[in-house]
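Read the structure below first, then the notes.
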Number of protein chains: 2
Amino acid sequence: MKVAVIGGGAIGLLMASMLTEMGSNVTLYTRTEEQANAIMKRGVKCHYFGKNERYYPLHARKFPDLKEEADLVVICVKQHQLSSVLAFLKQSAMVRHAIPLFLQNGMGHLSSIEQLPQSVVMAGVVEHGALRISETDVQQTGKGALRLFFVKGNNQDVQRYLQHPILDAVFSENARHTMEEKLLANAVINPLTALFEVENGALLHNESLRTLALMLFEEARSVLNRSDREKDLAYLWNICEGTKRNRSSMLKDIENGTPTEIEAISGYLIKQAEAQNLPVPYTSFVYHAIKAKELVIP
Amino acid sequence: MKVAVIGGGAIGLLMASMLTEMGSNVTLYTRTEEQANAIMKRGVKCHYFGKNERYYPLHARKFPDLKEEADLVVICVKQHQLSSVLAFLKQSAMVRHAIPLFLQNGMGHLSSIEQLPQSVVMAGVVEHGALRISETDVQQTGKGALRLFFVKGNNQDVQRYLQHPILDAVFSENARHTMEEKLLANAVINPLTALFEVENGALLHNESLRTLALMLFEEARSVLNRSDREKDLAYLWNICEGTKRNRSSMLKDIENGTPTEIEAISGYLIKQAEAQNLPVPYTSFVYHAIKAKELVIP
């Protein structure tokens, strides 16, 4: 299968590595010429969680410089960088018959990707921990799953292809539920770890952070109209436990001075709450708090 | 006038310096033997805002080791350290006829100090900026006023004595209003600057911090049942502007790993709000957030 991976961040590098390990013909599309050149020269090095590192000579190009047709396009850019990728998927003949797979946090993009001209569109959430070490080096910091679903259409070949032990892909009919579960966890873990500059495990061990986590959790649950509170809560604490030594992506963004995904996570919940006339003061507080941190010069 | 200043923190050292400068006979009572010895040996050095530093040879003792009667007892310990001072004022014959002057943030102590056996009791808020450099060195980081009032009784001599240009003391009939105004500003500035680890001026210049400040301001106003919104708001922004390069006492406490005054400030507001059945989610959030920061090992 010819695979195009778009995005040279932690998730893009990890997906490109895993798909190559599975024997696919992968090209990685990056935002900068520099990163594409570095990958063409040195390849990509992936340090798998609990295993040795592996090295992959890989094709790389600056997005959107696609030179040949792709069967599968794995989109690993952040939510706020999606617009140029969506425009590309609508216009380019090279990906007219491809299956796009979107791997973003948040749910803001679900309504727009349904409108794409491609007959099959997939989305999913990545539960693997990933840390970008350099333009060409990535580390899998935790072993999770890849929760996937068909946003529209269906394709058994690609489903069978992705159900590979390396990816640990789980297909779920209950798509929205899967994303909501992740969004719920993200709406708690990301802003708190970024605000307090702590590893994910701190939410379990610091009593007051746990109180704040529960305050955010209850708000997000009520907005998303979730039924099984205990299951959602167990999922949240499990992620905190499983990734306790990790620094969340939002914390890393704050530390690196790059924009966070606060709009796609808490911002999305606030919009949904407004539509339902639900007050979400704690979510609003962390929304503005992260925006404040983005502006505080480190 | 024989003055006992209790508390060797920034405000205690500043008050002891200013009162000595005014020609009073001051003894400073400290929590530790070490600080008392250091002051007996080296005196106290105060760097007045915009002026040269001055050096005062000063008597110092470990509290509550009072050796002679005092006319005025200036209590500069923090709200959560008040209980031993209150017990002392109730029991010691040395201060039976003294006038206690309480200079704490927050308003939690007002009801208990009214019960003291002394016939005249004063309280006030310090708007001078102060930074403790060492056990014996203090810096006045901003020139403010000392807003004072009689909690019970009245004494013209002490009022005349304190109305000295060095202290910049202002007596106000409207006592509760004065403390509320300060509490309101503290409830906004202290938790936000401590949470985001910024100087006070950041609340003016960072758009999102300003939004958070207004969220906390409106809650505190409604709990305290304040009428003149524009005046309170002007007071808040004036403090932020006048102390823009200062790190708030709460931020310093977090940085030093000492307990903050969050109970006396946001905790007091939350209790008052509960009694009135008013929701104060933003104040609750920062209350738990500061408690979380107190637990995060630096």
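The values are calculated or read from the model by the stated rules, or taken from the named source; none is laboratory data. Note that this is a predicted model, so its numbers are computed, not measured. Glycine gets a Cβ as well: all are built from the backbone with ideal geometry, and neighbour counts include every protein chain shown.
If you go through the stretch A:134-157 and keep only what is aliphatic (A, V, I, L, M) and at pLDDT below 95, you end up with A:ALA145, A:LEU146, A:LEU148, A:VAL151. Summed over the stretch B:226-244, residues that are under 24 Å from B:LYS271 (Cβ atoms), surrounded by fewer than 16 Cβ atoms within 10 Å (Cβ to Cβ) and touching an Asp or Glu at 6+ places or on another chain (Cβ under 9 Å) total 2.
Of A:ARG54, A:ARG61, A:ARG96, all but one fail to be in contact with an Asp or Glu (Cβ under 7 Å, 6 or more places away or on another chain) and over 27 Å from A:MET250 (Cβ atoms); the exception is A:ARG54. Could you count how many residues in the stretch B:101-158 are over 16 Å from the mean Cα position of the chain (by Cα) and basic (Lys, Arg)? Going through the stretch B:101-158 one residue at a time, the tally reaches 1. Residues that are at negative phi, part of a loop (DSSP other than H, G, I, E, B) and touching a residue at least 12 places away in the same chain (Cβ under 8 Å) within the stretch B:30-60 comprise B:ARG31, B:THR32, B:TYR48, B:PHE49, B:PRO57, B:LEU58, listed in sequence order.
Restrict the check to the stretch B:290-298 and report whether at least one residue is surrounded by fewer than 23 Cβ atoms within 10 Å (Cβ to Cβ), away from chain A (no Cβ under 13 Å) and over 23 Å from A:GLU219 (Cα atoms). Within the stretch B:290-298, not a single residue is surrounded by fewer than 23 Cβ atoms within 10 Å (Cβ to Cβ), away from chain A (no Cβ under 13 Å) and over 23 Å from A:GLU219 (Cα atoms).
Within the stretch A:61-94, the set of residues being assigned to a strand (DSSP E or B), within 29 Å of A:ILE265 (Cβ to Cβ) and touching a Ser or Thr at 6+ places or on another chain (Cβ under 7 Å) comprises A:LYS62 only.
Somewhere in the stretch B:203-217, is a residue in contact with a Ser or Thr (Cβ under 9 Å, 6 or more places away or on another chain), within 11 Å of another protein chain (Cβ to nearest Cβ) and more than 23 Å from A:ILE262 (Cα to Cα)? Checking the stretch B:203-217: not a single residue is in contact with a Ser or Thr (Cβ under 9 Å, 6 or more places away or on another chain), within 11 Å of another protein chain (Cβ to nearest Cβ) and more than 23 Å from A:ILE262 (Cα to Cα). Among the residues of the stretch B:251-298, just one is of a type in the set (Gly, Ala, Ser) and part of a loop (DSSP other than H, G, I, E, B), namely B:GLY257.
Output the number of the condition that B:SER266 fails; it satisfies all remaining conditions of (1) under 19 Å from B:THR211 (Cα atoms); (2) surrounded by fewer than 18 Cβ atoms within 10 Å (Cβ to Cβ); (3) within 14 Å of another protein chain (Cβ to nearest Cβ). Result: B:SER266 passes all but (2). Scanning the stretch B:55-70 for residues that are at pLDDT below 95 and of a type in the set (D, E, K, R) yields B:ASP65, B:LYS67, B:GLU68, B:GLU69. Checking each residue in the stretch B:17-29 for being of a type in the set (A, V, I, L, M) and either in a strand (DSSP E or B) or not assigned by TED's automatic domain parsing to the domain that holds B:ALA70 (or both) picks out B:VAL26, B:LEU28.
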